[in-house]
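**Student:** A single structure is presented below for examination.
Only the coordinates and a few stated rules stand behind these numbers; no lab work does. None of the values given here were measured: they were computed from a predicted structure. Cβ coordinates were reconstructed from backbone atoms using ideal geometry, including for glycine residues, and neighbour counts include every protein chain displayed.
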Amino acid sequence: MARFLRHFRHVMAENPVTAVAFALLGLIVFLALFGPWIAPYDPLATEATKTLRPPTWAHPFGTDHLGRDVFSRVIVATRLDLGIAISAVALSFAAGSALGCSAGFWGGWTDRIIGRLSDTIMAFPLFVLAMGIVSALGNSIENIVYATAIINLPFYARVARAETSVRRNAGYVAAARLCGASDTRILSTQVFPNILPPMMVQVSLNMGWAILNAAGLSFIGLGVRPPDAEWGIMVAEGATYIVSGEWWLALFPGAALMLAVFCFNLLGDGLRDLVDPLRRT
Amino acid sequence: MTTQPLLSVDALSVQFRTREGTVTALQDVSLRVGKGEVLGIVGESGSGKSVTAYTVIGLLGEAGRAVNGAATYDGLALTGAAEKDLRDLRGREISMIFQNPRAALNPIRPVGRQIEDVLLRHAQASRMNVRDKALAMLEKVRIVDPELRYGSYPFELSGGMCQRVMIAMALACDPRLLIADEPTTGLDVTTQKATMDLIRDLTRERHMSVVLITHDLGMAAAYCDRIVVMQKGRVVESASVRDLFVNPTHPYTKKLIAASPGPHSELADLTAVPDELEGAAPPAAPVAPPIPAPAGDDLLEVIDLVKEFPRQDAPGRWPWQKRDPEKAVFRAVDHVSFSLKRGESLGLVGESGCGKSTTSSIITRLLDPTAGDVIFAGENVTSFSAAAFARLPQRRKIQMVFQDPHDSLNPRFTARDCIAEPLRRLLGMSGGREIGARIDELADRVGLPRDLLTRFPHQLSGGQKARVGIARAIAVDPLMLVLDEPTSALDVSVQAVVLQLLDRLKREMGMSYIFVSHDLNVVRLLCERVIVMNRGRIVETGTADEVLNNPREAYTRTLVQAIPHFEPGRL
């Protein structure tokens, strides 16, 4: 553990951008965990006397058309958005690496079937596919998670397949065979840990997409329903007021969304360095 | 030297910036290359021989910096020269051949075009005649059918051909100095000889100077006029070939010469010159005289082994094409039969593609044969499929040491985990303490310091990685060990120690070895009997000395003659 911390410190010191990204991630995770206790106001409490107030010290991000505090709503929404993104990415990471590893390792028909399957998914416009899945399965948060997981699955499967097929004939795989290890064991203990670094980059990039995707689905009215606080819905609700000059309704949740995506996009390289033993010395 | 040297390097020091601070790669390196002279720079990995060349030609990269000293080419200062001037010099006056020709060529451009690029860059040809000049160069480097090869891409050519193309590119503009950085690493011995002969002939007829960087003392002896020996970034000795081999003065040179196996050296001679070896190597156990051929029973019998691979480019893949069963498969192993006695060592020698690795993979049961049987300890092990064999108790009786110690260790496993794997899987050991004690014992046995066990492979040196690989293979007390070029990725001095280690282990544990190698001189040291293979067939079988000193077949003779070596008596 001490070894890992030392390595963590080194990766941070080596690249300030990574340090910024990790700090941002820390903030986002903190808000997701403790948001409801930090938020100064109840995110759902309406106050008819204070509608559409511009930012003030009492309401740093202003209030919306029902008099709810935008600042509190942006903070509380972190948990929902991050939760959707993490569960979707975890699902597609698990299923995608299992499928991709088997395709890359065994090749032949396994490879062909899995390859065509992911090609089929990728042939659809992904957002439209996600919309279709959500409307077919029913309008709920779980289904947003499933839809996001399905449309991201081919990316993991492809990376895992390519990285596995490179390592399939490595010396250490043959050595593990000599130790009497079965194919599944070789895949899980020898090959899979070695494809983690490139997969981590994919995970981080995908987190950004997943957040955008979830927010996008909410924006068009699928998944999360009002009055729940969620960045996508808040932007959608605020969009109608931009024309009349109430810019803060859409800007602040939009900015939160952008920062989160930005953070995950920057995180990729740092995460890869963290899980790659070759970077340790 | 009376005449002015073409290239002179004076007290050159180079430093690299790394994570741990600056590392001095070169320290006060001085050398000169006269006109028409062939200078060999010899040293083991990390000695700074390539850094010297890269500094001279100005390809050092961002992290490296010449902090001291100077390199002068024909009165022109190279260190500190503007990049633009250096660019004109490179290719035109000084050119270089790299270690891996296939990687040094642009993979998406026909080779003929790449030669043209060099000619056009240095205005040695106009658009009108550039093609003819490029073709002439291809012809000069003795490429068969240059018109056809002109349009070939690097992946369509063999390693030897790629190196010829590189030579053609390097010599296209008639430079006066050629730097060859390990030009034949990865090539077969006969190809190596052909390539080196070609370089020698072409440079001699143009009165060019050559700097030949190599780790192989034998090659340096065969092709150089003068040799500079480098160790840890310093020049330790510089002498003419004859002086160097007859009267080496520096202990490191003596050690290198002793460690290079020649046609008559014995295993004990290899480390006759003591030195501070890597890590805490065990005291070299006195090597017992070779035991007489063991009279035991046959441990392994290979009967009429055949392995065929489907060809990708064969006709008959589509229903409308005519099928030709002869051409649809590639026969990698063609009716091979031999036997191995208990406690015996057998060498399997041949060039790449001769089927020696396929044969050993079948014997270790990583691959299923097309036909034929392998009888191991009285049991036909080919009656089980490779997948099923992995779970049989016999699995632990046949183990293997791999060619590339780096590639064969999982980068995410520590040395301890690597050795623990067979103990857990094959012996069913589960107690942490029991496994730990066994691993410590194995580490001692192979001479690996115990504190290195917690390291990851990339934190170990080549020799240490080789020891981990050997410890893993002998962990389960196998009866037979297949050694697939176990020393080809190692430096000569490390090779010497590893060979002695293998010899000692064999005596202590009573194992039989199948030693797969391309180097007859190395095989001879460890094996009583040798099999020479070519194109999937056995060419010649006999005792090691017989095959090496008195080969019966023409193929064996070319193989033996192609090995560069030095015999002080003949210089």
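**Student:** By how many nm would the segment from B:Ala268 to B:Asp243 grow when fully extended, if each residue of separation counts as 0.36 nm and the alpha-carbon distance is taken off? Kindly include the intermediate steps, with their values, before the conclusion.
**Tutor:** Details: separation 25, 0.36 × 25 = 9.00 nm, distance 2.44 nm.
Contour length minus the Cα-Cα distance gives 6.6 nm.
**Student:** Please report the orientation-averaged projected area of the range B:386-536, defined via the convex hull of its C-alpha atoms, in nm².
**Tutor:** Details: hull surface 38.4 nm².
That works out to 9.6 nm².
**Student:** Mind pulling the per residue volume of the convex hull built on the Cα atoms of the range B:151-196? Å³ is fine.
**Tutor:** On the way: hull volume 3.7 nm³, N = 46.
Hull volume over Cα atoms, normalised by residue count, gives 80 Å³.
**Student:** Before anything else, pin down the relative contact order of the range B:31-109: Cα pairs under 8 Å, at least 6 apart, normalised by residue count, whole percent. Working shown, then result.
**Tutor:** Details: 30 pairs, mean separation 14.5, N = 79.
18 percent.
**Student:** Treating the Cα atoms of the range B:458-571 as identical point scatterers in vacuum, please give the log10 of the normalised Debye intensity I(q)/I(0) at q = 0.23 Å⁻¹, two decimals.
**Tutor:** -1.34
**Student:** Now a separate question. Enter the Cα centre distance for the pair the range A:42-88 and the range B:188-255, rounded to the nearest angstrom.
**Tutor:** Taking the Cα centre of the range B:188-255 as reference, the centre of the range A:42-88 is 77 Å away.
**Student:** Any idea what the relative contact order of chain B is, in percent, if you count C-alpha pairs under 8 Å spaced at least 6 apart? Working shown, then result.
**Tutor:** Details: 1080 pairs, mean separation 83.4, N = 571.
So the answer I get is 15 percent.
**Student:** Can I ask one more? Let me make sure I get this right: for the range B:33-105, a, b and c are the square roots of the gyration tensor eigenvalues over alpha carbons, sorted descending. Under 1.5 in a/c it's rounded, otherwise prolate if a/b > b/c, else oblate. Which is it?
**Tutor:** Values: a/c = 1.21, a/b = 1.19, b/c = 1.02.
It is rounded, given that a/c, with a ≥ b ≥ c, falls under 1.5.
**Student:** Please report the antiparallel percentage of the DSSP beta bridges confined to the protein assembly as shown, to the nearest 5. Show your work: numbers first, answer last.
**Tutor:** Values: 48 of 85 bridges.
Here the antiparallel bridges make up roughly 55 percent for the protein assembly as shown.
**Student:** When B:Ser408, B:Ser45 are ordered from fewest to most other Cβ atoms inside 10 Å of their Cβ, what list results? Provide the component values of the computation, followed by the final result.
**Tutor:** Details: B:Ser408 27, B:Ser45 13.
Fewest-to-most ranking of B:Ser408, B:Ser45: B:Ser45, B:Ser408.
**Student:** Rg and Dmax of the range B:1-128, Cα atoms, in Å?
**Tutor:** 16.5, 54
**Student:** Work out how much length B:Tyr153 to B:Leu427 would gain on full extension: take 0.36 nm times their residue separation and subtract the Cα-Cα distance, in nm to one decimal.
**Tutor:** Numbers: separation 274, 0.36 × 274 = 98.64 nm, distance 4.99 nm.
Residue separation times 0.36 nm, minus the Cα-Cα distance, leaves 93.6 nm.
**Student:** In terms of modelled amide H atoms, which long-range or inter-chain residues lie less than 5 Å from the amide H of B:Arg529?
**Tutor:** For B:Arg529, the qualifying residues are B:Ser345, B:Gly347, B:Ala544.
**Student:** Among B:Leu105, A:Gly138, B:Ala489, whose Cα sits farthest toward the positive end of the charge dipole of the protein assembly as shown (+1 at Cβ of Lys/Arg, -1 at Cβ of Asp/Glu, about the Cα centre)?
**Tutor:** A:Gly138
**Student:** Output the relative contact order of chain A, whole-number percent, from Cα pairs under 8 angstrom with separation of 6+ residues.
**Tutor:** Numbers: 405 pairs, mean separation 65.9, N = 281.
Reported relative contact order: 23 percent.
**Student:** Once you compute Rg and the Kirkwood Rh from C-alpha atoms, what is the Rg to Rh ratio for chain B?
**Tutor:** Details: Rg = 25.6 Å, Rh = 25.9 Å.
Reported Rg/Rh (Cα atoms, Kirkwood Rh): 0.99.
**Student:** Please give the peptides A:15-26, B:553-564 ranked by average Cβ packing (other Cβ atoms within 10 Å per residue), highest first, as a rough proxy for protection.
**Tutor:** B:553-564, A:15-26
**Student:** Give or take rounding to whole Å, what are the principal axis extents of the alpha carbon atoms in the range A:130-281, in descending order?
**Tutor:** 71, 40, 20
**Student:** Averaging over every viewing direction, what projected area does the convex hull of the Cα atoms of the range A:83-155 cover, in nm²?
**Tutor:** 4.7 nm²
**Student:** In addition: For the range B:71-171, compute the orientation-averaged projected area of the C-alpha convex hull (one quarter of its surface), in nm².
**Tutor:** Values: hull surface 28.1 nm².
Approximately 7.0 nm², given one-decimal rounding.
**Student:** Write down the radius of gyration of the range B:336-437 and its Dmax, each obtained from C-alpha positions, in Å.
**Tutor:** Here Rg and the maximum Cα pair distance are 15.8, 45 Å.
**Student:** Another question, then. Summarise the partner chain shielding of A:177-190 as one whole number: the mean count of Cβ atoms from other chains within 10 Å of each residue's Cβ.
**Tutor:** On the way: counts 9, 21, 16, 14, 7, 4, 2, 0, 2, 1, 0, 0, 5, 4.
Per-residue shielding by partner chains comes out at 6.
**Student:** Please give the Cα centre distance for the range B:103-123 versus the range A:157-223, rounded to the nearest Å.
**Tutor:** About 38 Å separates the Cα centre of the range B:103-123 from the one of the range A:157-223.
**Student:** Okay, next question. Over the protein assembly as shown, what number does the Rg to Rh ratio reach, with both radii from the alpha-carbon atoms and Rh per Kirkwood?
**Tutor:** Over the Cα atoms of the protein assembly as shown, Rg/Rh equals 1.04.
**Student:** Something else about it: How large is the Kirkwood hydrodynamic radius of the range B:186-257, in angstrom, based on all distinct alpha carbon pairs? Don't skip to the answer; put the middle values down first.
**Tutor:** On the way: mean 1/r = 0.0751 Å⁻¹.
One over the average 1/r among Cα pairs gives 13.3 Å for the range B:186-257.
**Student:** Then there's this: Go ahead and estimate [θ] at 222 nm for chain B from helices alone: -39,500 (n - 2.57) per DSSP H run with n ≥ 4, summed, over the residue count, rounded to 500. Working shown, then result.
**Tutor:** Working: 21 runs with 194 residues, N = 571.
Rounded to the nearest 500, it is -9500 deg cm²/dmol.
**Student:** So how do B:150-159, B:329-338 stack up, highest first, on mean other-Cβ count within 10 Å? Can you show the working numbers first?
**Tutor:** Numbers: B:150-159: 15.7, B:329-338: 17.8.
For the peptides B:150-159, B:329-338, the packing ranking is B:329-338, B:150-159.
**Student:** Considering the options B:Leu119, B:Asn68, B:Asn129, tell which one lies farthest towards the positive end of the dipole of the range B:67-131, charges being +1 on Lys and Arg and -1 on Asp and Glu at the Cβ, about the Cα centre.
**Tutor:** B:Asn129
**Student:** Under the definition of partner shielding as Cβ atoms of other protein chains within 10 Å of a residue Cβ, what is the mean value for peptide B:360-370?
**Tutor:** Working: counts 0, 1, 0, 0, 3, 2, 5, 1, 0, 0, 0.
Average per residue, whole number: 1.
**Student:** Going by average Cβ neighbours within 10 Å, how do the peptides B:139-145, B:483-489 rank, with the highest at the top? Numbers along the way, then the final one.
**Tutor:** Details: B:139-145: 15.7, B:483-489: 23.3.
Most protected by this proxy first, the peptides run B:483-489, B:139-145.
**Student:** Oh, and also: For chain A, what number results from the quotient of the Cα radius of gyration and 2.2 N^0.38 Å?
**Tutor:** Values: Rg = 21.9 Å, N = 281, 2.2 N^0.38 = 18.7 Å.
Here the Cα radius of gyration is 1.17 times the empirical estimate.
**Student:** Now for a different question. Determine the shielding of peptide B:476-485 by partner chains: average, over its residues, the number of Cβ atoms on other chains within 10 angstrom of each Cβ. Don't jump to the answer; show the numbers that get you there.
**Tutor:** On the way: counts 3, 0, 1, 0, 0, 0, 1, 0, 2, 0.
Taking all residues of B:476-485 together, the mean is 1.
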